[in-house]
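Enquirer: There's a structure below that I have some questions on.
Any read-out appearing in this document is the output of simple, stated calculations on the displayed coordinates, not a laboratory observation. It should be emphasised that the depicted structure is a prediction, and the values quoted were computed from it without experimental measurement. All Cβ positions, even for glycine, are placed from backbone atoms using ideal geometry, and neighbour counts span all protein chains on display.
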Amino acid sequence: MFRGSQAPKKGSMSAPEQSGASGLYPQMDPLTILVGALGGEGGGILTDWLVLAATSEGFPVQSTSIPGVAQRTGATFYYIEIFPVKRTELKGKQPILSLYPFPGQIDLAVFTELLEAGRNMENGYVSPDRTTLLASTHRNYAMLEKTAPGDGRYHGEGILQAAKSMSKKVLLFDLEKTAKACGSKENAVLLGAIAGIELLPIPSAVLQESIRQKGVAVESNLKGFEAGMEVAQKKRKDPESSAVESPHAKSVNRKIPSELQQRMENSFPPVSHPLILEGIVRLLDYQGLAYARKYISRLEMLQCRIQEKEEKKDYALCLEIARQLALWMSYEDVIRVAHLKTCAGRFESIRKELDARSNEPVQVTDFLDPGIDEICSLLPSFLARPVLRLGQKFPRFGKLRIPMQIRTDTVSGFLRIWLIARLKKIRPLTFRYRIEQDLIDAWLGQVVRIMEHDQLLAFEMVKCAELLKGYGETYQQGRQNFDSIFRIFVEPALADRTQGLPSAEELRFAREAALNDPQGKSLETFLNKSPGKITRS
């Protein structure tokens with residue numbers, strides 16, 4: 001198809017056909033729909049439903065898809081054009097329909113995930129003079145976000161704000177939450193939302209009938225359709241309703257022991273309660289009540305210092321300490337991994353993800369690859385240290401790993417992992433526990449000393465805990481980077497105040513260098529410069 005001044009307008013009749021009924025619609029554009037979904041989210045079935053509904057109503061319709069890279073990772077585009085005049089009125093004439101979406105020419109843009117919506121807004125597929133934007137506010141984190149040494153998540157508040165100004169109409173809601181609440185799939189909820197915004201020349205009953213014609217999970221999909229339609233209708237009646245939700249909002253209505261609740265309320269500002277509450281819940285699950293008490297005690301010690309020194313009362317340092325301390329205290333070890341693999345609800349979530357029926361068997365195989373470090377982390381110190389020294393003396397022994405494939409859907413396999421998880425009770429006696437607690441106390445002590453002189457530098461010191469993540473080789477590399485920063489930047493300055501403390505900017509640059517290059521080469525280059533003389537262009 002040709003486009004431009006010498007070609008017929010997209011969706012119009014060619015010149016010889018502009019007579020009779022066709023002459024009534026010489027410049028009518030088709031209704032254009034762009035659906036962006038991740039692999040495995042059912043975007044193809046959603047497209048089939050729309051095409052079935054348009055066909056049953058007698059509208060000319062055409063669809064195409066551009067598949068992503070891989071199942072559950074690649075983003076797939078589905079493009080649909082519906083000519084809003086029934087074939088019976090066209091008297092045998094055919095509209096010219098396109099196979100590919102063009103920026104600025106989309107009437108309805110539908111996206112199953114927030115970052116996909118932002119990416120396509122950036123590519124020009126959402127325009128304020130034409131496009132109705134329908135998108136979810138939830139996030140499916142990309143692999144790069146998950147594997148980043150620090151917090152690699154892309155925070156989508158900017159996308160939420162841009163969606164309102166860059167589209168003609170907008171409907172944003174938590175699609176994942178809505179689908180789970182009604183026990184349906186996300187594509188069915190989207191179809192209902194499309195019906196509810198009433199942009200298509202197709203009655204909602206016909207869209208529902210397309211679900212029945214397709215014959216895929218009809219009952220649950222009809223429930224999802226009704227839920228999506230209800231969300232859209234509510235938004236149409238009350239445009240100022242809170243249909244837009246923060247993708248990172250979390251419920252803080254959590255049950256914790258009354259003594260911890262009281263200590264939290266008495267010692268910390270209300271703005272910090274949701275974050276501290278999440279930390280308490282995390283540590284209760286990780287190690288128990290005594291460990292959660294230790295978390296609160298550490299925060300109370302620091303909070304007194306913060307209140308003395310913090311002038312602006314923005315509590316940024318308090319919040320960051322609460323977050324990083326909870327994460328560090330719940331460090332990942334073999335016991336933690338085993339606990340997560342045997343926790344209640346894991347197998348049910350796997351079945352839901354695979355769309356497995358209740359009578360269908362599902363085989364779950366967990367791959368474990370512990371090395372000498374992970375094994376020694378479970379031993380008491382007097383046993384672990386000689387084994388680790390042996391590994392340093394004989395590198396081949398130190399690099400030894402024990403790969404295992406354990407079917408946790410079987411009784412024997414599940415029990416093997418479950419027994420490792422039960423070692424949680426003796427975790428305080430293990431080598432790794434004692435090492436981590438000593439390191440945490442040293443870190444907090446340094447933060448307190450720096451806090452007396454430089455709040456911004458103390459904040460950056462707290463942020464350095466982001467380098468400690470995971471276990472095995474990932475943790476070891478992060479720990480090396482963490483130790484290098486403190487050995488070169490912080491410890492000499494604290495020992496000899498005459499040489500002056502590093503600036504907060506220097507410490508931030510060092511941390512970012514380590515996060516951007518986990519192997520440590522960028523950090524090594526940066527640290528070879530003299531602290532206090534580092535400049536940035």
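Enquirer: When a footprinting reagent is the concern and you count Cβ atoms within 10 Å, what order do LYS521, LYS341 take, fewest first? Before the final figure, lay out the partial values.
Expert: Values: LYS521 10, LYS341 19.
Least to most surrounded, the residues fall as LYS521, LYS341.
Enquirer: Tell me the mean residue ellipticity at 222 nm calculated for the chain from its helices only (DSSP H runs of n ≥ 4, each -39500 (n - 2.57), averaged over every residue, nearest 500). Each step should come with its number before you reach the end.
Expert: Details: 25 runs with 270 residues, N = 537.
-15000 deg cm²/dmol, from helical runs alone.
Enquirer: Sorted from largest down, what three extents in whole angstroms do the Cα atoms of the chain have along their principal axes?
Expert: That gives 92, 59, 51 Å along the principal axes, largest extent first.
Enquirer: Something else about it: Calculate, for GLU524 and ARG236, the FRET efficiency according to 1/(1 + (r/R0)^6) with r their C-beta to C-beta distance and R0 51 Å; round to the nearest 0.05. Show your work: numbers first, answer last.
Expert: Details: r = 58 Å, r/R0 = 1.14.
With a Förster radius of 51 Å, E is 0.30.
Enquirer: Continuing with the same structure: For ARG212 and TYR154 in the same chain, what is the full-extension length gain: residue separation times 0.36 nm, less their Cα-Cα distance, in nm? Write out the running numbers ahead of the final one.
Expert: On the way: separation 58, 0.36 × 58 = 20.88 nm, distance 3.83 nm.
That pair, ARG212 and TYR154, stretches by 17.1 nm at full extension.
Enquirer: If I fit a long axis through the Cα atoms of helix 504-516 and take the longest principal axis of the Cα atoms of the chain, what angle between them do I get, 0 to 90°, rounded to 10?
Expert: Taking Cα atoms only, the helix is inclined about 60 degrees.
Enquirer: Hey, with R₀ at 56 Å, roughly what FRET efficiency would ILE426 and LYS91 work out to, going by the Cβ-Cβ distance, to 0.05? Working shown, then result.
Expert: Values: r = 83 Å, r/R0 = 1.48.
So the FRET efficiency works out to roughly 0.10.
Enquirer: Right, next: For a bin width of 10 Å, list the pair-distance distribution of segment 334-429 built from all Cα-Cα distances, rounded to whole %.
Expert: Going out from 0 Å in 10 Å bins, segment 334-429 shows 14, 37, 29, 14, 6, 1 percent.
Enquirer: OK, next. Defining a contact as two alpha carbons under 8 Å apart and six or more residues distant in sequence, what relative contact order in percent does segment 334-429 show?
Expert: Values: 91 pairs, mean separation 40.4, N = 96.
That works out to 42 percent.
Enquirer: Then there is this: FRET efficiency for ARG401 and ILE350, Cβ-Cβ distance as r, R0 = 25 Å, nearest 0.05?
Expert: Numbers: r = 26 Å, r/R0 = 1.04.
Calculated value: 0.45.
Enquirer: For the pair LEU494 and HIS273, how long in nm is the line joining their label points, each one 7 Å along Cα→Cβ?
Expert: According to this spin-label approximation, the distance is 3.4 nm.
Enquirer: Working out 0.36 nm times the residue gap between SER381 and GLU198, then minus their Cα-Cα distance, what length gain in nm do you get to one decimal?
Expert: Working: separation 183, 0.36 × 183 = 65.88 nm, distance 6.74 nm.
Stretched fully, the SER381-GLU198 segment lengthens by 59.1 nm.
Enquirer: Quick one: net charge of MET404's neighbours, Cβ under 14 Å, K/R +1, D/E -1? Each step should come with its number before you reach the end.
Expert: On the way: positive: LYS341, ARG401, ARG407, ARG416; negative: ASP366, ASP369, GLU374.
Around MET404, the surrounding residues sum to +1.
Enquirer: Rounding to the nearest 20 debye, state how big the charge dipole of the chain is about its Cα centre with +1 on each Lys and Arg Cβ and -1 on each Asp and Glu Cβ.
Expert: Details: 71 positive and 63 negative charges, 221 e Å.
The dipole magnitude comes to about 1060 debye.
Enquirer: Can I ask one more? Stretch LYS255-LEU419 to full length: gain in nm at 0.36 nm per residue minus the Cα-Cα span? Don't jump to the answer; show the numbers that get you there.
Expert: Numbers: separation 164, 0.36 × 164 = 59.04 nm, distance 2.72 nm.
My answer for the length gained is 56.3 nm.
Enquirer: So, one more: When GLU259, GLU374 are ordered from fewest to most other Cβ atoms inside 10 Å of their Cβ, what list results? Present the calculation step by step, with values, prior to reporting the outcome.
Expert: Details: GLU259 12, GLU374 19.
Going from sparsest to densest Cβ surroundings: GLU259, GLU374.
Enquirer: Can you sort TRP328, TRP49, TRP418 by how many other beta carbons sit within 10 Å, fewest first?
Expert: By the 10 Å Cβ count, ascending, the order reads TRP418, TRP328, TRP49.
Enquirer: To test your reading of the geometry: what angle, between 0 and 90 degrees and rounded to tens, separates the Cα axis of helix 411-421 from the longest principal axis of the chain?
Expert: The angle comes out at about 50 degrees.
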